[in-house]
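Peer 1: Mind having a look at this structure? Questions to follow.
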Amino acid sequence: MKELKEKARDLLKNKDVQVVIGYGDGTGGKPRAIFIRDPKDADRLIFDEKCEQNLAVYLLKHEVKKLGRPAIVATVPVVRSIIQLAAENQIAEGSVVILAITPDGKLTEIKTLKDTETFVSSNPPYTRPEDLEKLERIEKMTVEERWNYWLDELSRCFKCYACRSSCPMCYCERCTIECNQPQWVSPASHHLGNVEWHIMRAMHIAGRCVNCGECARACPLDIPINLLTLKVSEDIRKNFGLTAGMSATLEYALSTFKTDDKEEFIR
Amino acid sequence: MSTFEPKIVAFVCNWCTYAGADLTGTSRIKYAPNVRIIRFPCTGRIDFMLLLKAFAEGADGIIVSGCHPNDCHYTSGNFHARRRWMVFRSLLDFMGIDTRRLQFSWVSAAEGARWAELVNTTVNNIRELGPFEEYRQLRGAGIE
Amino acid sequence: MEKKTLTKENLPRFLKKLQEDGNRVIAPKRTGEKVDFSVIGSPDEIADDYIQTVQSAKFAFFPKVEEILSFTANKSGVKINDKDTEKIPSTVVFGLRPCDAAAVASLDAVFNWDYKDNLFNSRREKIGIIGLSCAKSDNNCFCTSLGFGPGDTRGSDILLTELTSGDYLAEIITDKGKAMMNAAPELFTAEPMEAKEKNLADIKAQFKPEDLAKRFPAAFDREDLWLEQSLRCIGCGACAFVCPVCACFDIQDEGTTQNGTRLRCWDACGFSLFTLHTSGHNPREAQNHRWRQRLMHKFAYMQERLGVLGCVGCGRCSRACPADINILENVKMILEAK
């Protein structure tokens, strides 16, 4: 993508940014995250439909922050992640240059949070049809079938935490699972530990997840955990009208309320 | 015929439901003894992980109860709790946990009779659902 | 070493006989596009036409969660119950690639270097390994660079190599292998004519194992290289958990004051809290230091201290990594660094 390489080269040459986080060639045709510091290396940047990894996760890594002010190649979900992180005070105004790319391949350089909000409102959230289908299929199952399905999938989990590590929203330096006084949720990968972990993660991500699908992509065992966070996101959208990653002003579903929130399930 | 008596854990707020349950007692209203009550300052304090722990430790059913909306002693704790429960309940349902085992309610300090009715109805419902074997079986499973 | 033929019809019969004799059989099973080791019910569940499984079979020797002891405590004192190793089932692991079979020697070294791990050794003793040579490889495989190979017999009790006819050359390597064969000796016929080498994948060595000892120790101080390699690492444990050699573990105590259990669970040096001390100090606070540890441990320290390599070139870590960190690429970078 010529325009992207030129933009990156200029930003580095003018010292607007010290590092460009983008995608480059990886093993066997897969893309991988690359960190360009020399303007001459800007040619290594690529962009195609395989570039799906949510790069926003690197913006909060100490080792990357030390490199200096970043520019980041961002698809729509990545831009939404950045907005959500800004709303949660993890990214300061003007600290990142976003090289946003729309699904039809158009590149826009965004420097302010206001402009990122404008960008996402004209590029609304997109959920992959196959994920919505899977969600529907599970919702149509009986309670028992759902339990068996999830137990089957989650019992395979071996607690590598790739789902957590790859998620830009999981930036806690000390995750709840690592708290052992008391041990809320067991870090062991037995059935109970796995079920509790995934419930806990879905709840802690609730209202903050932008449905980039990275957790499921990262999982080495192909467990469709993004369906849990997708379900929760859809619920929050339907019940409270809130969608993560659209506004840089925080309106977190679980720390706000409306006095007339529905409550048919409460006696 | 087996005489299964469900174990119910009740997470209640101090100012309304706990006081209401107190009133039930002082009014000498009899109700099912299956419930163990845990007192919290407010429903807003109730973490969903505590509910999971209750199920893991052998609860067949859970009651979560607090002040009616607009009556929270801390003004808005129950509003936050309500949202949290909506999300949590829906997630559990999606994962195949029978949400009839989770009973949410608002019981005020004056509703002594209502607390008894709530407990009795819940105990009957859970008795019919049977022991929560599926969740309990998770314990010890997947360990060599 | 005896060489026999095991026809393609007799292989499932052999596995069935081993099952009838009371062995649980672990073999590669397909789910969707991926293949992974699992306990099988019937031999026709076994996958074919794949290069490598996602996870290793190390869970048979070193489970992902294992109870090591349980206790009960009351007024009269504390009673501790060691894990009853008699309960460990007799197991046959079928389909271990030669790289995975060689990895067992590395696990042996780790679990027996300063303390003879009874649990590991009991499981090891009860496991028979039927290896399967590799006819194909991909660009993540690099066993030959480490001195292993697609038809290497080390670690297997019986090694099968599929021949052009679909039948297998069966090399009976150890006494345990002989005992397994003798469960159904009539299924094994005379040595085949076809040469084994004809049916092995051609994997070109990209470096020599001796080079590792020459270059790695000095590489410890190359902060620039470690940073470069690990910038995109997200700090999960996928690489460690799919690896047939990685054996770091965490201990979790669960229970109440009256009864409880002590569990051994997989752990990974890539986790940020892996080396966190109780004092709060973390000697490997930066991901690049954790990455350096991973490579130094696998390619230098284990050889120095235990006499075994910490890697067998199976390529699983590279395939499983969500950030596409390729261990072969990184080892070559260290070896070729100026």
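Read-outs throughout are calculated quantities, based only on the coordinates presented, and are distinct from any laboratory measurement. For clarity, every value in this text was computed on a predicted model and none was experimentally measured. No Cβ is skipped: glycine too gets one built from the backbone with ideal geometry, and neighbour counts run over all protein chains shown.
Peer 1: Can you give me the relative contact order of chain C as a percent, contacts being Cα pairs under 8 Å and 6 or more apart?
Peer 2: Contact order relative to length: 22 percent.
Peer 1: Along the Cα-to-Cβ line of C:I80, 7 Å from the Cα, sits a label point; which residues in the stretch C:255-282 have backbone N less than 15 Å from it?
Peer 2: Under 15 Å, as judged by backbone N against the label point of C:I80, lie C:260-264 of the stretch C:255-282.
Peer 1: Here's a follow-up. Let me spell out the model: positive unit charges on the Cβ of Lys and Arg, negative unit charges on the Cβ of Asp and Glu, origin at the Cα centre of the protein assembly as shown. What dipole size does that give, in debye rounded to 20?
Peer 2: The dipole magnitude comes to about 1300 debye.
Peer 1: Shifting gears a bit: For the pairs B:K30/B:K53; A:K140/C:K64; A:K134/A:K238; A:K15/A:K111; A:K159/C:K298, note any where the Cα-Cα span goes beyond 26 Å.
Peer 2: B:K30/B:K53; A:K140/C:K64
Peer 1: On to the next question. Considering only DSSP beta bridges whose two residues both sit in chain A, what percent are antiparallel, to the nearest 5?
Peer 2: Bridges in chain A are about 65 percent antiparallel.
Peer 1: Could you work out how far helix A:191-205 tilts from the main Cα principal axis of chain A, as a 0 to 90 degree angle to the nearest 10?
Peer 2: Rounded to the nearest ten degrees, it is 60.
Peer 1: Need one number for the stretch B:19-75: average projected area of the convex hull over its C-alpha atoms, nm².
Peer 2: So the mean shadow area of the Cα hull is 4.8 nm².
Peer 1: For the stretch A:129-255, give the magnitude of the charge dipole about the Cα centre (Cβ charges: +1 Lys/Arg, -1 Asp/Glu; no others), in debye to the nearest 20.
Peer 2: 240
Peer 1: Where the only charges are on Cβ atoms (+1 Lys, Arg; -1 Asp, Glu), what is the dipole of chain C about its Cα centre, to the nearest 20 debye?
Peer 2: The dipole of chain C has a size of about 460 debye.
Peer 1: Give the peptides C:43-49, C:331-337 in descending order of average Cβ contacts within 10 Å, highest first.
Peer 2: Per-residue Cβ counts within 10 Å, averaged per peptide and sorted highest first, yield C:331-337, C:43-49.
Peer 1: Which aspartates and glutamates does C:K116 reach when only Cα atoms under 12 Å apart count, and residues fewer than 8 places away in its own chain are ignored?
Peer 2: The qualifying aspartates and glutamates are C:D108.
Peer 1: What's the Cα-based Rg to Rh of chain C, Rh via Kirkwood?
Peer 2: 1.00
Peer 1: While we're looking at this one, here's another question. Taking just the C-alpha trace of the protein assembly as shown, give me its Rg and Dmax in Å.
Peer 2: Rg then Dmax for the protein assembly as shown, in Å: 28.6, 94.
Peer 1: Any chance you could give the angle, 0 to 90 degrees and rounded to 10, that helix A:76-87 forms with the longest Cα principal axis of chain A?
Peer 2: So the helix axis and the longest Cα principal axis differ by about 80 degrees.
Peer 1: Same structure again: Plugging the Kirkwood radius over Cα pairs into Stokes-Einstein for the stretch A:1-52, at a temperature of 37 °C and a viscosity of 0.692 mPa s, what D comes out in µm²/s?
Peer 2: So the translational diffusion coefficient is about 298 µm²/s.
Peer 1: Relative contact order, percent, of the stretch A:2-122 when contacts are C-alpha pairs under 8 Å separated by at least 6 residues?
Peer 2: The value is 22 percent.
Peer 1: Tilt of helix A:226-240 relative to the longest C-alpha principal axis of chain A, in degrees (0 to 90, nearest 10)?
Peer 2: So the helix axis and the longest Cα principal axis differ by about 80 degrees.
Peer 1: Per residue Cα convex hull volume for the stretch C:96-209, in cubic angstrom?
Peer 2: Dividing the Cα hull volume of the stretch C:96-209 by its residue count gives 114 Å³.
Peer 1: Another question, then. Shielding by partners for C:228-234, please: the mean number of other protein chain Cβ atoms within 10 Å of each residue's Cβ.
Peer 2: 6
Peer 1: A follow-up question, please. Quick one: order B:W115, B:W15 by neighbouring beta-carbon count within 10 Å, fewest to most.
Peer 2: B:W15, B:W115
Peer 1: Mind checking which lysines have their C-alpha under 22 Å from C:K3, skipping anything on the same chain fewer than 8 residues away?
Peer 2: Straight-line reach from C:K3, under 22 Å: C:K16, C:K17, C:K176, C:K178, C:K196, C:K198.
Peer 1: Please rank A:R80, A:R164, A:R156, fewest neighbouring Cβ atoms within 10 Å first, as an exposure proxy.
Peer 2: Neighbour counts put them in this order, fewest first: A:R156, A:R164, A:R80.
Peer 1: Using only C-alpha atoms and all pairs of different ones, pull out the Kirkwood radius for the stretch C:226-338 in Å with one decimal.
Peer 2: One over the average 1/r among Cα pairs gives 15.4 Å for the stretch C:226-338.
Peer 1: First obtain the Kirkwood hydrodynamic radius of the stretch A:2-122 from its Cα pairs, then insert it into the Stokes-Einstein equation at 4 °C and 1.567 mPa s, and state the resulting D in µm² per second as a whole number.
Peer 2: Result for D is 91 µm²/s.
Peer 1: How big is the Kirkwood radius of the stretch B:8-136, worked out from every pair of different alpha carbons and given in Å to one decimal?
Peer 2: With all distinct Cα pairs of the stretch B:8-136 included, I get 14.6 Å.
Peer 1: Could I ask something else about it? Could you state the number of Å between the C-alpha centres of the stretch A:117-167 and the stretch C:215-266?
Peer 2: Comparing the Cα centres of the stretch C:215-266 and the stretch A:117-167, I get a distance of 27 Å.
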